[in-house]
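Have a look at the structure below before the remarks.
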Amino acid sequence: MADASTDPVDDVKPVHAKKKADVPFASKLVVGGIAGVVATSIIFPIDIVKTRLQNQVVGANGERKYKGAWDCFRKTVRAEGYRGLYRGLAPNLVGVTPEKAIKLAVNDEMRRRLEDENGYLSVPRQILAGATAGFCQVSATNPMEIVKIRLQLQGASDLPPEQRKSAVGVVRDLGLRGLYKGSASTFLRDVPFSIIFFPSVAGMKTMLTKEGETECSFERLFIGSCVAGGVAAGMVTPADVIKTRLQAGTRNYGGLIDCVRKIYAEEGFAAFWKGAPQRMAVIAPLFGIALLAFEMQKWYLLSDSTSTAKPATKTQSK
């Protein structure tokens, strides 16, 4: 009788790595919304400065209302107080909750559905997941984006406080069709952003994972997300400038193409990169904080559901 140690190895089936445990999609939507609220509340003053810098136009003699980001910050505080730095925050939080919920949750869910049985996800499929997340997000959240911009720019205008409109007043003036003004430019900004950001985060996580670890730690995830967010934001700045101009309603444009032509004719190519450093300064920590909060909440839900669970980002390989 043959010894067990001599049994042919051909009968042994290959062992595949199992997919990681996951939380339900509805829970991802909730934690994505919470992550967005936390991140947006922290970085909103920078967003105010970015929006006002992008919307200012150089006068006939080269005069500008703001000389730069710090000058814009000082003048905003001087004219409106520190509360002016949070003008439009409330409606923006109403909008950012579904925005981040959809973007983070849809990307995470699409990645789960597109990965193979070993948990591997190719770059083209990562791009598809990001593009799907960006498309779904814009479809649902464009109205809140335009309301936020109108409220932010009221503070930069010469309108007396009593003539400034509330979020409800802005919505009433815009109407249903007006709430989707500039949506084409929003798609042009947010879909490419998601295509760049999410695969970049995955790459940064791999690069920052130390030898002997199976996953990237939370602190390195935050750093990687900030870098990926800043790069992606910088690359889509021209689309953000066009979107801001179209949705601000302070000048008359006949559409996306007309807006591009007029900006180039009146202000030159450099105008498409207006506010790029400020935008990168907004988006880098925004998505760094949001993605960190999203992953930490996911880990908490998973660890709470199984008594033996440990932080996925801290697990050491044996």
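Roughly what angle does helix 256-267 make with the longest principal axis of the chain, taking Cα atoms, 0 to 90 degrees, to the nearest 10?
Between the helix axis and the principal axis of the chain, the angle is about 60 degrees.
Taking the Kirkwood radius as the inverse of the mean 1/r across Cα pairs, report the Rg/Rh of the chain. List each step's numbers first, then the result.
Values: Rg = 23.2 Å, Rh = 21.4 Å.
Rg divided by Rh gives 1.08.
If I take every Cα pair under 8 Å that is 6 or more residues apart in the chain, average their sequence separation and divide by the length, what percent do I get for the relative contact order?
Numbers: 447 pairs, mean separation 76.7, N = 318.
Once divided by the residue count of the chain, the mean separation gives 24 percent.
In nm, to one decimal, how far is the modelled label at Ser166 from the one at Thr214, with both set 7 Å along Cα→Cβ?
5.3
Work out, in µm²/s and without decimals, the Stokes-Einstein translational diffusion coefficient of segment 163-268 at 25 °C, 0.890 mPa s, Rh from Kirkwood over C-alpha pairs. The partial results should precede the final answer.
Numbers: Rh = 16.5 Å.
My calculation gives 149 µm²/s for D.
Please check: in the Gaussian network model of the chain (C-alpha springs, under 10 Å), which one of Glu63, Glu99, Glu215 has the largest mean-square fluctuation.
Highest fluctuation among the options: Glu63.
Using Cα atoms only, what is the angle between the long axis of helix 25-55 and the major principal axis of the chain, expressed in degrees (0 to 90) to the nearest 10?
30
Report, in degrees rounded to the nearest 10, the 0 to 90 angle that the Cα long axis of helix 69-80 makes with the longest principal axis of the chain.
For helix 69-80, the angle is close to 60 degrees.
Report, in deg cm²/dmol and to the nearest 500, the calculated mean residue ellipticity at 222 nm for the chain, where each DSSP H run with n ≥ 4 adds -39500 (n - 2.57) and the sum is divided by the residue count.
Estimated from H runs of four or more residues: -23000 deg cm²/dmol.
Quick one: which residues, 5+ away or cross-chain, put their amide H under 5 Å from the amide H of Glu213? H built at 1.01 Å from N.
HN-HN under 5 Å from Glu213: Ser317.
Applying 1/(1 + (r/R0)^6) with R0 = 22 Å to the Cβ-Cβ distance of Glu63 and Ile257, what FRET efficiency is obtained, to the nearest 0.05? Can you show the working numbers first?
Details: r = 29 Å, r/R0 = 1.31.
The formula returns an efficiency of 0.15 here.
Which of the aspartates and glutamates could be linked to Lys165 by a straight reach, that is with a Cα gap under 12 Å, when you skip same-chain ones fewer than 8 residues away?
Partners found: Asp173.
Using R₀ = 41 Å, calculate the FRET efficiency as 1/(1 + (r/R₀)^6) where r is the Cβ-Cβ separation of Ala270 and Phe25; round to 0.05.
Details: r = 43 Å, r/R0 = 1.05.
That gives a FRET efficiency of 0.45.
Give me the 1.4 Å probe accessible area per residue for the chain, excluding ligands and nucleic acids, in Å². Could you put the intermediate results ahead of the total?
Details: 16600 Å² over 318 residues.
Result: 52 Å² per residue.
Per the 1.4 Å probe, what fraction of the accessible area of the chain, in percent, lies on carbon and sulfur atoms?
Values: 10340 of 16600 Å².
Carbon and sulfur atoms account for 62 percent of the accessible area of the chain.
Normalising by the residue count of segment 114-260, find the relative contact order in percent from Cα pairs under 8 Å and 6+ residues apart. Provide the component values of the computation, followed by the final result.
Numbers: 144 pairs, mean separation 43.0, N = 147.
The normalised contact order for segment 114-260 reaches 29 percent.
For a 24 Å ceiling on Cα separation, which of these pairs sit above it: Lys148/Lys274; Lys181/Lys274; Lys67/Lys181; Lys100/Lys243; Lys28/Lys274? Could you put the intermediate results ahead of the total?
Values: Lys148/Lys274 19 Å; Lys181/Lys274 21 Å; Lys67/Lys181 29 Å; Lys100/Lys243 19 Å; Lys28/Lys274 35 Å.
Over 24 Å Cα-Cα: Lys67/Lys181; Lys28/Lys274.
The values are calculated or read from the model by the stated rules, or taken from the named source; none is laboratory data. In this text, all values refer to a predicted model and were calculated from it rather than measured experimentally. Note that we place each Cβ from the backbone using ideal geometry, even for glycine, and neighbour counts take in every protein chain shown. These area figures cover heavy atoms from the full protein model, side chains too; ligands, DNA and RNA do not enter into them. Shrake-Rupley method; radii C 1.70, N 1.55, O 1.52, S 1.80 Å.
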